[in-house]
Amino acid sequence: MKILLMILLTISLYANECLVTTQFGFIERGNLLTSFKEGKEALRTWLYKIAESKNCKINVRFYKDMDILYSKLKSNDLDMAVFSPRFFFKDHEGIKNFSNHFWSLAKKKEKRIQYYFIGWKNTEIKDFKGIKNKIISVERASKPAFIWLDKNSLIENKKTYKKVVKTIKYEQKDSRVLLDVFFKKVDLGIVKKSTWDTMIELNPAILKRIKIIKK
């Protein structure tokens, strides 16, 4: 939905510049396009209808790799493209050299997401050194959580977390990570602050069984 809203806003802003067909680039995997069957064609049709209502013409292209999408934008084969935040910040200086406008949307006012490294209330683990041979629950799609885990493991254990932990339990939802720790299905977990705050509000008893080890 974030991507679709961004598209709608972008097309609206360009409504008066529709003398030529706008070339729009997407990555075809790792986003909402993979969430439903024939997602690419559905999105393409939806965008064409929006563009038509604005008296515009667009050509939607899909690419398998973010680097290819980036090169197409850089070589002026595309007028607009949608990048993941992770990719954008990796080379934001380069992108800014040949791009003029940027849009992004968020659910809340906060510009950054804070993560909590959590464990059982009685755990003796005090930092990321304690992940050795432990089962850790993490939301599958939460790349920043894995980056934070790996960074701290490399600093404190001199090894990537993959060579230190016993198992990573992948969850589809962040709230499930907290419940995994609560019901002692895992030793540790990484959750967003927003998820922690919401779950504590719903069930204050969580504080009796779980504690925040690191923020």
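In this structure, does Ile210 turn out to be among the aliphatic types (A, V, I, L, M), buried (at least 19 other Cβ atoms within 10 Å of the Cβ) and over 24 Å from the mean Cα position of the chain (by Cα)?
Numbers: among the aliphatic types (A, V, I, L, M): yes; buried (at least 19 other Cβ atoms within 10 Å of the Cβ): yes; over 24 Å from the mean Cα position of the chain (by Cα): yes.
Yes, satisfied.
Where in region 33-103 are the helices (runs of 4 or more DSSP H), entirely inside, with at least 2 residues that are of a type in the set (Ser, Thr, Tyr) and not assigned by TED's automatic domain parsing to the domain that holds Ile147?
Qualifying helices (runs of 4 or more DSSP H): 39-53, 66-74.
Mind telling me which of the residues Val191, Val186 ends up being closer than 25 Å to Arg86 by Cα, modelled with pLDDT of 95 or more and not polar (S, T, N, Q)?
Val191
Are any residues in region 114-141 in a loop (DSSP other than H, G, I, E, B) and either of a type in the set (A, V, I, L, M, F, W, C) or crowded, with 21+ Cβ neighbours inside 10 Å (or both), and if so, which ones?
Ile125, Ala141
Write out, first by first residue and then by second, each pair whose Cβ atoms fall under 8 Å of each other, whose residues are 6+ apart or on separate chains, and whose first residue, in region 195-207, is without any contact (Cβ under 8 Å) to a residue 60 or more places away in the chain while the second is of a type in the set (Asp, Glu) and surrounded by 11 or more Cβ atoms within 10 Å (Cβ to Cβ).
What qualifies is Thr195/Asp174.
Kindly list the number of the only condition in (1) more than 18 Å from Ile213 (Cβ to Cβ); (2) crowded, with 18+ Cβ neighbours inside 10 Å that fails for Ser84.
Tallying (1) more than 18 Å from Ile213 (Cβ to Cβ); (2) crowded, with 18+ Cβ neighbours inside 10 Å, Ser84 fails exactly one: (2).
Could you list all residues from region 157-181 that are more than 27 Å from Ile200 (Cβ to Cβ) and not β-branched (Val, Ile, Thr)?
Pass one, region 157-181, residues more than 27 Å from Ile200 (Cβ to Cβ): 157-160, 162-164, 166.
Within region 157-181, Asn157, Lys158, Lys159, Lys162, Lys163, Lys166 meet the criteria.
If you scan region 169-181, which residues turn out to be buried (at least 20 other Cβ atoms within 10 Å of the Cβ) and either in the same structural domain as Lys90 (by TED's automatic domain parsing) or part of a strand (DSSP E or B) (or both)?
Glu171
Out of the residues in region 143-168 meeting the condition of being touching an Asp or Glu at 6+ places or on another chain (Cβ under 7 Å) and surrounded by 17 or more Cβ atoms within 10 Å (Cβ to Cβ), tell me which one is farthest from Val191 (Cα to Cα).
Filtering first and then ranking leaves Tyr161.
The values are calculated or read from the model by the stated rules, or taken from the named source; none is laboratory data. All values derive from a computational prediction rather than experimental measurement. All Cβ positions, glycine included, derive from the backbone under ideal geometry; neighbour counts span all protein chains shown.
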